[in-house]
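To start, the structure itself, in structure tokens.
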């Protein structure tokens, strides 16, 4: 059967090439050591139990033909994909249409991991997989970016065990969510990767254990509400401020606790520890921060986005979350933490996590360091027409998104799968303190029925804001919560609109740093500058002359493109390999302080 051609088209007019076909592409390392067992920290700080086992490290990997013939065998360092430097394979690895990856490793289990129920967790696998333990199938999963859990209690045994994961990755060849990956990479589309790319781990607990923990807070009432179940058994909740217990209570399904909680914000990222203990002997450790997100009018009658009931200006960066040696997987926990710290030092308070989900520890670092997050859903859909997703919108032409053919969304099963993964995204990240806003669609990529999708998201999570259609193809007042603009080539403006207005992408100023670029011959950027001095002059003018006056006119937030270079894109504040900071920290901080001063004094 003839394989479908790639359904993703890039926006650049440059010749499409694969990085493994030319010596002009550099393999760039970051300065971080991944270690023998990468990402060995507990992968889920919001849901910690003492009995767990990290299964990252060296696995056996076999690439198979569509017929099951072995094409390659070797060792790979999980959780890095085989296409990455950190995965440890030779340059040039590529999973062609129909090919499969077979992962295998043995591991030892003691009694502490066999005390009732044992779950096998995967942070993310790209894109479909079948899992077996000790030769017994234990489950399947479809979805590049969402986490999943399998119950392996019946097949796990004390002593030696073996796990096998058979992966297929056709996401860039069908209409499943694929994000920024493309078989024809270049410009704003990136090299595809495959297989396991987040932490694999085991966890043991009593058979009757605490499940479905949902934490919601109310900044006005200063309350925290806990919802969970333990098979009808009682659960005791203890709230700690450091080492000091400040609250406690028992419940079987729901509990609300009131206290003079310090409110969480970027300037005061106060977290409280939470310990849940069931009468069955289960103990679950988590945390929370008390804050709320909403919208309302300021004293001048302008519609604003609110944090803790007060107007707040979201000043942030577009964050693709790609790394030169790990692609979608950052090298280490330290790398993720240091990058967030750097951006906070620069004066940014928000990151728009662009078309990607991160490991739970990344959100934990945002929670404790005071970095707000606008979380994109991962796009899918068919072949994007350049005129529909770029050219027409630049001319101000919006289109109704019930026209599935226009948006390459005719496949009903693919639309249903997007809705399923969108709900999985919300459920997976719902307890993250830092997430202020959900972004279902970006620039028309795989967009459909955005008004209905907005209502779905609001029903899943009524506590956060929603940027329904970031960029363009806005469906109008009454359909979406806010007006969201992407402006790169036209003047910055705030249109008259009864909804809050955000500049959800702008800038994209570029500078090439020799020796730190992925592609030595080609580069992609919206406006290119020859040196740091020229780049900084342009940034200062962009922020203080063009953007700052828009705050008084109603602008509620801005997201500059972007954190780092990614492959051919060279419009980051830091290089792809994280070796060079292009814009001085103190310079960027001065600009951002001035911007927030204007926002606070408007």
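Here the stretch 288-333 is the region considered, the condition is being on the phi > 0 side of the Ramachandran plot and assigned to a loop (DSSP other than H, G, I, E, B), and the residue that is modelled with the lowest pLDDT is 301. Each residue in the stretch 458-480 was checked for being in contact with a helix residue (DSSP H, G or I) (Cβ under 7 Å, 6 or more places away or on another chain) and on the phi < 0 side of the Ramachandran plot, and 9 of them qualify.
Any residue at all in the stretch 104-124 that is surrounded by 17 or more Cβ atoms within 10 Å (Cβ to Cβ), touching a helix residue (DSSP H, G or I) at 6+ places or on another chain (Cβ under 8 Å) and within 25 Å of residue 46 (Cα to Cα)? The answer is yes; a qualifying residue exists. Of all residues in the stretch 513-526, which are more than 26 Å from the chain's Cα centre (by Cα) and surrounded by 15 or more Cβ atoms within 10 Å (Cβ to Cβ)? If the condition is that a residue be more than 26 Å from the chain's Cα centre (by Cα) and surrounded by 15 or more Cβ atoms within 10 Å (Cβ to Cβ), then 513, 522 are the ones that fit.
Figure legend. Inter-residue proximity from the stretch 453-478: first residues surrounded by fewer than 20 Cβ atoms within 10 Å (Cβ to Cβ), second residues at pLDDT below 95 and in a helix (DSSP H, G or I), beta-carbon distance below 6 Å, spacing 6+ or different chains. No pairs are indicated. For the stretch 391-406, residues that are under 18 Å from residue 451 (Cα atoms), free of Cβ contacts under 8 Å to residues at least 60 places away in the same chain and surrounded by 17 or more Cβ atoms within 10 Å (Cβ to Cβ) total 2. Does residue 44 satisfy being touching a helix residue (DSSP H, G or I) at 6+ places or on another chain (Cβ under 8 Å) and either under 19 Å from residue 360 (Cα atoms) or not in a strand (DSSP E or B) (or both)? So residue 44 passes the test.
In the list 99, 162, which residue meets the criterion of being at pLDDT 95 or above and either crowded, with 17+ Cβ neighbours inside 10 Å or over 20 Å from residue 58 (Cβ atoms) (or both)? I'd like the intermediate steps shown before the answer.
Details: 162 fails: either crowded, with 17+ Cβ neighbours inside 10 Å or over 20 Å from residue 58 (Cβ atoms) (or both).
99 is the lone residue from the list that is at pLDDT 95 or above and either crowded, with 17+ Cβ neighbours inside 10 Å or over 20 Å from residue 58 (Cβ atoms) (or both).
Only residues in the stretch 236-263 that are under 15 Å from residue 290 (Cβ atoms) and in the same structural domain as residue 280 (by TED's automatic domain parsing) count as the first member; pair them with residues that are at pLDDT below 95 and outside any strand (DSSP E or B), Cβ under 6 angstrom, at least 6 apart or cross-chain, and list the lot. So the pair list comes out empty.
The values are calculated or read from the model by the stated rules, or taken from the named source; none is laboratory data. Keep in mind it's a predicted model, so treat the numbers as computed, not measured. Glycine gets a Cβ as well: all are built from the backbone with ideal geometry, and neighbour counts include every protein chain shown.
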